Amino acid sequence: MIFLSAFWIMVPAYIPNPAAALLGGGTPIDFGKCAKDGRRIFGDGKTWRGLIGGIIVGIVFGLFQMFLYYTFNLTFLPEHSLWTIIPLSIGALLGDLIKSYFKRRLGKERGSKWPIADMYDMVVGSLALMVIVLLLSSGTAWFVENLVDPLGMLSPLVFGLAVLVAIFVVSPLMHRGTNVIAYMVKLKDVPW
Ligand code: CTP
Ligand code: MG
């Protein structure tokens, strides 16, 4: 149940990256410009089409989750709303973009490996933006109402922390899994 809750919350954050790989290309976000160090600001791997397209597809998946939730009354799962799916989708690719900025500053080429950062950029970006938006829009209400153990065995605080830990465990697996699939269908040049 903890892992299912973690996965359900994170779907709108997992989708934008592979969607960007599918839809990306064209004008880079940095318009080909370099930073003072002579290296690209973000690089050719970060494009407007990937950013906008990825965010839209992430939100569409979130809307579909909301549809499933209300149609089948899935109240044992955390409840999504525009206040969760929009920041999760935007935050995932914003985290990815910020990571690429620092990756370039470290002199790492586009597509090169940067283990921990490549795996957690979208997790930190999406969760941070979601938490900020939820706190600003309705205080702690969403967390109190949605991070409740359906089996009633764990206190809300312990359950919430367990879901957070589960997100950090599940996410690298999801990241790795989608990248290997993207590599196999030749969407990506490297399996990471
Ligand atoms: N992509 C995009 N726009 C984005 C994010 C991703 O077009 N905002 C596309 C690019 O084609 C990119 C692919 O998705 O090559 C895979 O994304 P990612 O692994 O994040 O980029 P990398 O090419 O590895 O670049 P970096 O080294 O900057 O992470
Ligand atoms: Mg990469």
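What follows is calculated from the coordinates using simple rules that are stated; it is not laboratory data. Only a predicted model underlies this, so the values are computations on that prediction, with no experimental measurement involved. A quick note on method: Cβ atoms are made from the backbone with ideal geometry, for glycine too, and the neighbour counts reach across all protein chains shown.
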TODO: Send over the per residue convex hull volume for the chain, Cα only, as a whole number of Å³.
DONE: 120 Å³
Open item on the list: Just the number: Rg to Rh for segment 107-163, Cα atoms, Kirkwood Rh, two decimals.
Closed with: 1.17
TODO: Kindly provide the helix-only [θ] at 222 nm of the chain, computed as the sum of -39,500 (n - 2.57) over DSSP H runs of four or more divided by all residues, to the nearest 500 deg cm²/dmol?
DONE: -22500 deg cm²/dmol
Open item on the list: Along the Cα→Cβ direction, 7 angstrom out, place labels at PHE76 and CYS34. What is the inter-label distance in nm?
Closed with: 5.8 nm
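Report D for segment 33-76 in µm² per second (integer): Stokes-Einstein, Kirkwood Rh on Cα pairs, 10 °C, 1.306 mPa s.
Values: Rh = 13.3 Å.
Translational D for this selection: 120 µm²/s.
Taking 0.36 nm per intervening residue step and subtracting the Cα-Cα distance, what contour gain separates VAL144 from ARG49 on full extension? Before the final figure, lay out each step's value.
On the way: separation 95, 0.36 × 95 = 34.20 nm, distance 3.68 nm.
Fully extending the segment from VAL144 to ARG49 adds 30.5 nm.
Within 10 Å, count the other beta carbons around each residue, average over each peptide in 77-85, 100-108, 9-17, and list them highest first.
Details: 77-85: 18.9, 100-108: 16.0, 9-17: 25.4.
The densest-packed peptide leads the list: 9-17, 77-85, 100-108.
Fully extended, how many nm does the chain gain between VAL158 and TYR183 (0.36 nm per residue separation, minus their Cα-Cα distance)?
Details: separation 25, 0.36 × 25 = 9.00 nm, distance 3.77 nm.
Gain in length upon complete extension: 5.2 nm.
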Open item on the list: What value in Å³ per residue do you get for the convex hull of the alpha-carbon atoms in segment 51-137?
Closed with: 111 Å³
Open item on the list: From the phi angles alone, apply the Karplus equation (6.51, -1.76, 1.60; θ = phi - 60°) to segment 84-96 and give each ³J(HN,Hα) in whole Hz, x where the residue is Gly or Pro.
Closed with: 10, 6, 5, x, 5, 5, 5, x, 4, 7, 5, x, 4
- [ ] Pull out the extension gain between PHE102 and LEU136, defined as 0.36 nm times the separation in residues minus the alpha carbon to alpha carbon distance; nm, one decimal.
- [x] 9.4 nm
Open item on the list: Please report, in whole Å³, the volume per residue of the convex hull around the C-alpha atoms of segment 134-180.
Closed with: 96 Å³
